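The values are calculated or read from the model by the stated rules, or taken from the named source; none is laboratory data. Note that this is a predicted model, so its numbers are computed, not measured. No Cβ is skipped: glycine too gets one built from the backbone with ideal geometry, and neighbour counts run over all protein chains shown.
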Amino acid sequence: MFQNLMTGEFAGEGDLIQLITDDENEEQGTESYGDELPILSVRNTVLFPGVVIPITVGRQRSIRLVKKAQKGNKLIGVCAQINPNIDDPAWDDIYQVGTLAKIIKMIVLPDGNTTIIIQGKKRFEINEQVTDDPYFIAKVNYLEENFPKSSKKIRALEESLKEAATRILHLNPEIPREAQVALDNIDNTSFLTHFLSSNINAAVESKQRLLEINDGVDRATLLLEFMMKDIQMLELKSEIQKKVHTDIDQQQRDYFLRQQMKVLQTELGEEGPEKEVEDLRARGDLKKWPEEVKKHFEKELDKILRINPSAAEYPIALNYAETMVELPWNEFTQDNFDLKNAKAILDKDHFGLEKVKERIIEYLAVLKLKNDLKGPILCLYGPPGVGKTSLGKSIAAALGRKYIRMSLGGLHDEAEIRGHRKTYVGAMPGKIIQNMKKVKISNPVYVLDEIDKLSSDFRGDPSSAFLEVLDPEQNSTFLDNYLEVEYDLSKVLFIATANSLDSIQPALRDRMEIIEVTGYTQEEKVEIAKRHLVPKQRKEHGLKSKDISFNKASLVKIIEDYTRESGVRSLERAIGKVIRNIAKSIAMEEEYSPKITPDAVRKILGSEIFDKETYEDNSVAGVVTGLAWTSVGGEILFIESSLSRGKGKLTLSGQLGDVMKESAVTALSYLKSKAETLGIDHRIFDQYDLHIHVPAGAVPKDGPSAGITMLTAMASVFTQRKIKAKVAMTGEISLIGKVMPVGGIKEKILAAKRAGIKEIILCKKNKRDIEEIDPQYVTGIDFHFVDRVDEVLEIALLKTKVARPLTFTLSPETKS
C-alpha cells in the first residue's frame, strides 16, 4: 500500500495539494485533447487520473516516443502491459483502456535510460490502431467520469476509504507517517479513489479492473473490497507475530525462529514435516519392496508427522526413513552369462591361475543353468599379492554386475556389521547395508577383503555376525539392528579373500566355498611382468615403449635376486624402481640404454638381496634337505644334527615352533624303539647328547612338514650314514612310523626345482597333488611316494658309513 509515497516521489504536502488542485481544474475545464495519441506500454504499473508517478524508459521505441512528446505537447497515452515478461510487446500484449498523461519532467540517466515523471489526466479506450512504427500510435475515445458530486452514499464511501487507508497505515509500520498527512489533505472523492487505487497492494490485473470501471461508485466499492482484504492480511500477520512474540534471550533465538516458521506454515496450510513426508512417500511408492516392509515404512512416516520438528527425535526418524528409501529393494542388473566372454576377461586380467579360473567358470556355469540370481559364497585363499581382490573385480566385469569392496582388516566391532539400534546416539546401519545403499543395486559382486583379519573384543565378535551374512540359507532375511526389517542379501555374490584359513572361525569357514589361489612360478611371474607390470609402470611413469624394454634375463634377475614372494607386489615395486631410474635419465637428458640387462638391473637395484636357494653338498652325516611352505611361496631348508659326549640330552635350536619340537621328540622315540632293526647301538642314546638345528635361527619356523626330515637326520647321525645327493623330502610322521601327507606341495616342488633337487620323497597320499601340477613344472624330478618311515630311510640313506666310528664306554653290567 502507498508504494509511490514510500519511494519519495512527492517532495512535500504542498506539491501533492497542488497536483490535486490542477487535476480538479482540468476535470472541470474545457481543455480538449487530440483523439490520436502515442501509446507508452508500462510494466507492473497502472496509471490513474491525477496521480503522479515516475517511469524509467529503457526500450528504444519508448525513448523515441518520450523524446518526441517532450518536444511537442508532452501528452502521451499510458497502457499497462498484460505480460510484464515480454520485452517487445505487440498491440495484443497491452490493455485497451489506459490513461492520458502529461510529462512533467524528463531526466536522462548516465546508463542511457530515461526517467520521466508523469501525471495522469484522463482515462481513454483505444478505438483504432494507427501504427506501431516507430512507436505505438492509436486513435482513442476518452471516457468520462461518472461520479456523483455529493450524496450520503458518496460521503459514506469517502469516509470508509479513508478509515481503511488509515487502518492500513497503522498496521504497516513500513509506510512513512507523512502518508497520513497527504491522505488527510485529499477532499475530492474521485481523486481519493484514483490515489488509493494507484497505491493499493494489489496485482496489475486488479488495478486495471478498477481503471476500466466507468461508474465511480462501483469503482470505489471494489477498491474498498480490495483494501479490506489487505487489512485482513495485515491483521493476520500482526496476529501471527503476537503469537510468537516473547521475551527471549540469545539461547532461545533458534527456537523462536522455528516457532514463527511453524505458525506461518500452519496458517498457510503448508506444514514443513508434511512436505518432507509426502516427498518420502512419493519416493517409497516407486520402490519394489515387500508388503511388510511397505507397511513398516508407512508407519514410520506417520510417526514423523506426530513429532515436533524441533524435537531431538525428529532428525533421527527422518534419517531412518531416508535410509530405507535410498536402499535398493529388488533392483537388479541383468547378468551376462556369456561364459566365453567371462573366460576371456579372466585370461586377460590374470595370467596363470588356471585351476582357479576354471573353478570360477564352473560357478558361473551353475548360476547360468540354475537361471537364478542367488550365488554361492566364494573364498579366495592364498598368499598376499597373487590377485585375489582383482579376481573379484574381474568376476564383476564378466557378469556385468556392479562391484563393491569392504576391507575387514582389524574390524573388531560387531555393530560395524549389524549396525546400531536407533535408540543410540549417532546410530547408523552396518557397513553391509551402507555399501548396499551406496551401490544402489541388489545384486552386486561384494568382495569381503581379508576376512581372516577379523578380530574381536568386548564390543562383540564380527566373525559371528558374518555367519548370517554368508549363509545362503539365512541371508535372504538378514536383519540389521538399525534397519529393523529383513533385507534380502541372497542375490549378492559374496567373494571373501584370506591369507590364512587357520584364523577363520570354523563355522564361518564351513559356509564358504574355498578356492586356493597358489603363488606364481618363476615362468608365470616373467609373463605377468611382460604383459601387465611393465606396461602399467611404464604408463604411470610417463614413458613410451620405445623408451625402455626388459628382456627375460633381466626379469629373471629381478625375480630371483630382489624379490621373494608368491605374488608380484614386490616385483612390481622393483620394476617401478628401474623405470624411475630411466625416467630420471630421460628428464635430465643423460645418456642411457633403453634395453635393460641383468647388469643394468644390478647397477640400479644394488647388490642382490636374496641368495638363490641351491642344494649344498654334504660330506658329513646328519644333514638333510627338507621342503617348507611359507606365506611367500616354497623354500628348501637344511636340518642339521650332531652328537656329542653326554647323557642323552636332546637340544633343539633355530626358533622352532611346538609342532616341529613334537616332531623331533616323536622321531627320537621312534628311533629308540627301532634301534636294533636300524642297526643303532642302544648305548648311543645314553652316552651321547643329540643337537638338532635348523639354520636361519632368526626366522621362526613351525609346521608338520619336517617330520620325516628330522627323523632322517637323526637316523643319519646315529648310523653315521650320509644322505644321498640332491634328495629332498617333506611329510609328517607318527609314533608307529607312518608317513602322513602335508600341504603346500606345489610351492615346495617349485622351490626344489629352483634349488636343483633331483629326487623328492613324499607321502603316497600327496600323489594327487602332484597330478594337479602342470607337467612342465615337475619335469626332471623323480618322486618317491612312501607309506612308512622305513621306506624313507631306505631311499635317503647311503649304505656306507663315514670313516669316524662312534666309541662307547662299557658299563659294569656289560663287562661282566
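Listed values, structure above:
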read-out	value
Positions within region 84-122 being within 19 Å of residue 74 (Cβ to Cβ) and of a type in the set (Ser, Thr, Tyr), in sequence order	99, 114, 115
Helices (runs of 4 or more DSSP H) contained in region 409-491 and holding at least 3 residues out of contact with any helix residue (DSSP H, G or I) (no Cβ under 7 Å at 6 or more places or on another chain) and closer than 27 Å to residue 313 by Cα	431-439
Residue count, region 95-115 (criterion: in a strand (DSSP E or B) and under 60 Å from the mean Cα position of the chain (by Cα))	3
Considering residues of region 188-238 that are more than 18 Å from residue 123 (Cα to Cα) and assigned by TED's automatic domain parsing to the domain that holds residue 141 only, the residue surrounded by the fewest Cβ atoms within 10 Å (Cβ to Cβ)	203
Among (1) outside any loop (DSSP other than H, G, I, E, B); (2) farther than 30 Å from residue 519 by Cα, the one test that residue 366 misses	(2)
All positions within region 689-718 that are in contact with a strand residue (DSSP E or B) (Cβ under 7 Å, 6 or more places away or on another chain) and under 21 Å from residue 800 (Cβ atoms)	711, 712, 713, 714, 715, 716, 717
Only listed residue being among the aliphatic types (A, V, I, L, M) and modelled with pLDDT of 90 or more, chosen from 42, 57, 108	42
Lone unmet requirement of (1) more than 25 Å from residue 522 (Cβ to Cβ); (2) modelled with pLDDT under 85 for residue 642	(2)
Filtered residues of region 534-581 (kept if over 24 Å from residue 755 (Cα atoms) and in contact with a strand residue (DSSP E or B) (Cβ under 8 Å, 6 or more places away or on another chain))	534, 548, 549, 550, 575, 578
Selection within region 296-310 - within 14 Å of residue 324 (Cα to Cα) and either in the same structural domain as residue 477 (by TED's automatic domain parsing) or exposed (fewer than 11 other Cβ atoms within 10 Å of the Cβ) (or both)	299
Selection count where residues are in a strand (DSSP E or B), closer than 12 Å to residue 77 by Cα and either of a type outside the set (A, V, I, L, M) or outside the structural domain of residue 42 (by TED's automatic domain parsing) (or both), scope region 123-144	7
Leading residue by the ranking (farthest from residue 33 (Cα to Cα)) among those in region 68-81 that are modelled with pLDDT under 90 and surrounded by 15 or more Cβ atoms within 10 Å (Cβ to Cβ)	70
Test result for residue 97, modelled with pLDDT of 90 or more, in contact with an Asp or Glu (Cβ under 7 Å, 6 or more places away or on another chain) and either hydrophobic (A, V, I, L, M, F, W, C) or in the same structural domain as residue 203 (by TED's automatic domain parsing) (or both)	yes
Any hit, region 379-386, residues being surrounded by fewer than 17 Cβ atoms within 10 Å (Cβ to Cβ) and touching a Leu at 6+ places or on another chain (Cβ under 9 Å)	no
Residue tally, condition more than 14 Å from residue 670 (Cβ to Cβ) and in a strand (DSSP E or B), over region 728-744	2
In region 653-677, the residues that are small (Gly, Ala, Ser) and in contact with a Pro (Cβ under 9 Å, 6 or more places away or on another chain)	654, 657, 663
Yes/no for residue 163 being assigned by TED's automatic domain parsing to the domain that holds residue 36, of a type in the set (D, E, K, R) and part of a helix (DSSP H, G or I)	yes
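Residues checked against (1) closer than 30 Å to residue 324 by Cα; (2) touching a Ser or Thr at 6+ places or on another chain (Cβ under 9 Å); (3) buried (at least 16 other Cβ atoms within 10 Å of the Cβ):
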position: 349; (1), (2), (3): no, yes, yes
position: 355; (1), (2), (3): no, yes, yes
position: 390; (1), (2), (3): no, no, no
position: 395; (1), (2), (3): yes, no, yes
position: 415; (1), (2), (3): yes, no, yes
